[in-house]
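Step one of this worksheet: look at the structure below.
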Ligand code: 0WE
């Protein structure tokens, strides 16, 4: 069992109990890490505080990652609360709903901008703000999806944003390597979260994914959480700039 006692982790992207961010927070907590969880706004605050009751000692902070002033305020608070941090989890993505249906060719300029700002630039902004607090080195991780490299119908602008996110991971890994900060992405197979709800045909997609994956099933969020614990730990100190697949092997198949 990996021991993260004495480490502080900050988790972004918690919306509800089905969030991948929540599974990661639970696993990091179980491994002994001290947790700071962020929520986007007042509307999500209650949900976050409610869940936190399950994680003794964890604290909640507000931060809308599309606002520079909220990022600055959050990291000032983290500095005074913890002094330093070790792990940052970015589990944030958003594209306007109308851009996740129909044809990619119809993506609006605004939809493209929003998807990239919220889902990609936020990682750059958070990494820059976190680096000065990662005094012992650190581990930054984000969540990506296979639609970044192969076409998944209707994933559309999110696929393009995830491709940019994976390239962002490599450039950040290069810059921050000299400060012993590692940056990686976890490519999770499809999971039924709030972000996936309302996507028509998602059920069929889950079925066909399970059928084709070498392990013959879909991934559990707890398995994504366990990979996050590994990336946060000293078992992965040689890994940076990488995309790690937690998809029951789906991505290796050609037919
Ligand atoms: O990255 C994602 C989903 C991210 C997402 C989801 C939504 C739904 C609600 C981003 N923005 C929004 N905006 C909303 O208004 N996934 C990997 C899950 C996902 O989403 C899909 C998928 C898969 C898989 C959308 C179409 C096709 C496949």
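Things to note:
- For the chain, built as a Gaussian network whose Cα springs stay under 10 Å, the top-fluctuating residue of 85, 186, 71: 71
- Gain on full stretching of the segment that runs from residue 57 to residue 237 - 0.36 nm per residue minus C-alpha separation: 62.1 nm
- Efficiency of FRET from Cβ geometry, residue 18 and residue 215, R₀ 30 Å, rounded to 0.05: 0.90
- Degrees, to the nearest 10: 221-232 long Cα axis against longest axis of the chain: 50 degrees
- Prolate/oblate/rounded call for region 5-47, Cα gyration tensor, a/c under 1.5 rounded: prolate
- For region 94-220, a/c is not less than 1.5, where a ≥ b ≥ c are the root eigenvalues of the C-alpha gyration tensor, and a/b does not top b/c. That puts it in the oblate class.
- Rel. contact order, % - alpha carbon contacts under 8 angstrom, at least six apart, region 15-73: 32 percent
- Among 236, 108, 19, 66, sorting on how many other beta-carbon atoms sit within 10 Å of each Cβ, with the fewest leading, yields 108, 66, 236, 19.
- Structure-based [θ]222 nm, the chain - -39500 (n - 2.57) summed over DSSP H runs of at least 4, per residue, nearest 500: -12000 deg cm²/dmol
- The overall shape of region 1-91, judged from the alpha-carbon gyration tensor, is oblate: a/c is not under 1.5, and a/b is no greater than b/c.
- A simple spin-label model places pseudo-atoms 7 Å from Cα toward Cβ; at residue 251 and residue 196 they are separated by 1.6 nm.
- Dividing the mean sequence gap of close Cα pairs (under 8 Å, 6+ apart) by how many residues region 1-125 holds gives a relative contact order of 26 percent.
- Here 219, 89 are placed in order of increasing Cβ neighbour count within 10 Å, fewest first, which gives 219, 89.
- When each of the peptides 91-98, 35-42, 142-149 is scored by the mean number of other C-beta atoms lying within 10 Å of its residues, the order from highest to lowest reads 142-149, 35-42, 91-98.
- Relative contact order of the chain, pairs being alpha-carbon contacts under 8 Å that are 6 or more residues apart, as %: 20 percent
- Selected from 127, 167, 228 as most flexible by GNM, with the chain as the system and alpha-carbon contacts under 10 Å: 167
- Under the Debye formula (equal points on every Cα, no solvent term), log10 I(q)/I(0) of the chain at q = 0.13 Å⁻¹: -0.79
- Distance between region 150-214 and region 81-125 - C-alpha centres, whole angstrom: 11 Å
- Helix 156-177 axis versus longest C-alpha principal axis of the chain: approximately 30°, rounded to the nearest ten.
- Note: region 145-255, Cα convex hull, 113 Å³ per residue.
- Cα long-axis angle, helix 20-30 against the chain (0 to 90 degrees, to the nearest 10): 40 degrees
- A simple spin-label model places pseudo-atoms 7 Å from Cα toward Cβ; at residue 67 and residue 206 they are separated by 3.4 nm.
Each value in this text was obtained by applying a stated rule to the coordinates, not by laboratory testing. Source: prediction; values computed, not measured. As a convention, Cβ positions derive from the backbone with ideal geometry for all residues, glycine included, and neighbour counts pool all protein chains shown.
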